[in-house]
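The values are calculated or read from the model by the stated rules, or taken from the named source; none is laboratory data. The shown structure was predicted, so the numbers you read here are calculated from the model rather than taken from an experiment. Every residue, glycine as well, gets a Cβ built from its backbone with ideal geometry; the counts of neighbours run over all protein chains shown.
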Amino acid sequence: MQATALVPSSAHLALPFFDAAHRDIAARLPDWANAQRVDEADDRAACRDWVKRLGDGGWLRYGVAAAHGGALAQLDSRALVVLRETLAFYSPLADFAFAMQGLGSGAISLGGTPAQQAAYLPAVASGQKIAAFALSEPDAGSDVAAMQTVAACADDSRPAGQNHSNSSLWRLNGTKTWISNGGIADFYCVFAKTDPQAGARGITAFIVDKGAPGLDDSAHIHVMAPHPLATLRLTDCQVSGDAPLGEVNGGFKLAMQTLDIFRASVAGAALGMARRALAEAIDHARQRKMFGQTLADFQLTQAKLGEMAALIDAGALLTYRAAWMRDTGHGTMKERSVAAAMAKMTATENAQRVIDMALQMHGGLGVQVGTKVESLYRDIRSLRIYEGATEVQQLIIGKASLT
């Protein structure tokens with residue numbers, strides 16, 4: 001990552017959604033992020049580097065609660081939004097590294113035993129362990145209940161669906177894919193069917209350490225905006241009896257609770273990328289000479305910049321509202337879920353439009369590999385898919401509107 005003279009706006013921190021802790025993050029993080037020099041040519045090496053730097057800088061502490069080495073008493077959605085928005089402004093890969101520490105360990109924060117939390121969360125907060133969240137499968141993305149990965153206790157005489165909490169050994173079989181941090185993670189929170197006939201009500205979460213017998217995380221996936229992704233293959237993968245997270249067959253709820261905390265932060269990351277694209281567009285428009293004046297002097301340019309700014313603020317207000325509602329418990333659970341869906345959908349879709357307009361304003365430079373708007377154009381695309389695609393968010397909002 002190269003240093004930039006551009007800085008993100010902090011005017012929105014004056015809104016009543018935020019308090020002193022959030023403003024403190026926004027005041028300190030830009031200088032730190034801009035001072036980092038990370039070679040991102042190798043995404044896996046760079047991600048490891050970012051995790052170490054974020055841990056050493058104390059930023060990963062916002063991904064766990066204070067009882068386990070965190071910076072705040074509880075996981076705070078507004079803090080996550082501010083952090084991701086700022087990090088994504090400077091480096092989407094830094095944002096990715098930060099976010100996956102929280103998401104990858106979120107099920108342990110919410111459903112882990114005291115022993116599990118003590119074993120993993122302090123190491124996540126310091127950057128000593130890299131976390132991963134393994135939910136998706138080749139034929140089970142948005143439809144989580146369709147997952148085929150199964151987990152069985154060593155005592156196979158007990159029928160599926162019965163209490164397995166005292167099992168001394170579990171065996172997992174199946175395939176997980178699109179797993180962020182796949183191949184570099186020190187542990188995976190893996191979701192598997194413990195009662196295959198029960199649909200979403202038969203899923204359990206497990207902690208699977210790297211190197212567990214039967215785990216193969218070597219199949220790397222290469223994508224348009226490079227970051228560590230892999231397919232996990234579990235073949236009679238053995239984990240101990242204390243590996244389950246939360247209640248047996250309670251994994252679907254745990255997964256949804258984890259995603260609920262971090263969904264608004266995806267919108268925050270999109271805002272950071274969009275704000276950077278707008279800043280790049282303004283900077284370019286002021287310097288680019290055309291027909292005896294600058295690009296910024298043309299009314300068409302001014303209109304486009306105005307549209308970009310309005311799109312960003314529309315997504316931002318929905319994002320900050322959703323994070324505030326989650327942190328304060330405002331509204332019903334359904335209302336909070338709808339607010340998060342609106343934020344995720346609007347911020348990511350609007351960011352795509354903003355970045356596209358910024359690239360268009362750069363002309364030929366916009367598609368030149370190595371320019372910031374070109375990399376942003378690739379970086380933003382996946383945010384409209386992961387942690388609930390836009391179409392899923394539309395369904396959540398639409399169904400709620402009909403009730």
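Okay, residues lined up against (1) more than 20 Å from ARG381 (Cα to Cα); (2) of a type in the set (A, V, I, L, M):
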| site | (1), (2) |
| --- | --- |
| LYS253 | yes, no |
| GLN257 | yes, no |
| ILE261 | yes, yes |
| SER265 | no, no |
| ALA274 | no, yes |
| GLY292 | yes, no |
| ALA296 | yes, yes |
| MET308 | no, yes |
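Could you tell me whether any residue of the range 61-83 is basic (Lys, Arg), under 23 Å from LEU278 (Cα atoms) and surrounded by fewer than 16 Cβ atoms within 10 Å (Cβ to Cβ)?
So in the range 61-83, the residues basic (Lys, Arg) come out as 61, 78.
Imposing the further condition that a residue be under 23 Å from LEU278 (Cα atoms) reduces the set to 78.
Now drop any that are not surrounded by fewer than 16 Cβ atoms within 10 Å (Cβ to Cβ), which leaves none.
No - not one qualifying residue is present in the range 61-83.
As an exercise: evaluate ASN34 against (1) at pLDDT 95 or above; (2) part of a helix (DSSP H, G or I) and give the number of the one condition it does not meet.
(1)
Could you list, ordered by first residue, the pairs with Cβ atoms under 8 Å in which the first is in the range 193-204 and of a type in the set (D, E, K, R) and the second is part of a loop (DSSP other than H, G, I, E, B) and at pLDDT 90 or above, at least 6 apart or interchain?
LYS193/MET147; LYS193/GLN148; LYS193/THR149; ASP195/ASN249; ARG201/ASP195; ARG201/ASN249
Table: residues versus (1) in a strand (DSSP E or B); (2) among the polar types (S, T, N, Q); (3) touching a strand residue (DSSP E or B) at 6+ places or on another chain (Cβ under 6 Å).
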position	(1), (2), (3)
ILE184	no, no, no
VAL190	yes, no, yes
GLN197	no, yes, no
SER218	yes, yes, no
LEU259	no, no, no
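Does ALA140 count as surrounded by 19 or more Cβ atoms within 10 Å (Cβ to Cβ), modelled with pLDDT under 90 and not charged (D, E, K, R)?
Details: surrounded by 19 or more Cβ atoms within 10 Å (Cβ to Cβ): yes; modelled with pLDDT under 90: yes; not charged (D, E, K, R): yes.
Considered against the rule, which asks whether it is surrounded by 19 or more Cβ atoms within 10 Å (Cβ to Cβ), modelled with pLDDT under 90 and not charged (D, E, K, R), ALA140 comes out as yes.
Name the residue that is nearest to the chain's Cα centre (by Cα), counting only residues in the range 166-201 that are among the aliphatic types (A, V, I, L, M) and surrounded by 22 or more Cβ atoms within 10 Å (Cβ to Cβ).
ILE179
Pick from the range 311-353 the residues that are of a type in the set (Ser, Thr, Tyr) and assigned to a helix (DSSP H, G or I): which of them is farthest from ALA389 (Cα to Cα)? Walk me through how you get there before you give the answer.
Looking only at the range 311-353, we keep the residues that are of a type in the set (Ser, Thr, Tyr), and these are 319-320, 328, 332, 337, 346, 348.
Cutting the leftovers down to assigned to a helix (DSSP H, G or I) gives us 319-320, 328, 337, 346, 348.
Details: THR319: 16, TYR320: 20, THR328: 26, SER337: 14, THR346: 12, THR348: 10 Å.
The extreme case among them is THR328.
What are the residues in the range 165-208 that are at positive phi and among the hydrophobic types (A, V, I, L, M, F, W, C), if any? Before you say what the answer is, go through the steps one by one.
Filtering the range 165-208 for residues at positive phi gives 174, 178, 181, 183, 199.
Of everything in the range 165-208, just one residue is at positive phi and among the hydrophobic types (A, V, I, L, M, F, W, C), namely TRP178.
Within the range 143-167, track down each residue that is modelled with pLDDT under 85 and not charged (D, E, K, R).
Matches in the range 143-167: ALA154, SER157, PRO159, ALA160, GLY161, GLN162, ASN163, HIS164, SER165, ASN166, SER167.
What single numbered condition from (1) in contact with a Gly (Cβ under 9 Å, 6 or more places away or on another chain); (2) of a type outside the set (D, E, K, R); (3) surrounded by fewer than 22 Cβ atoms within 10 Å (Cβ to Cβ); (4) within 25 Å of TYR188 (Cβ to Cβ) fails to hold for TRP32?
Here TRP32 meets the rest and fails (4).
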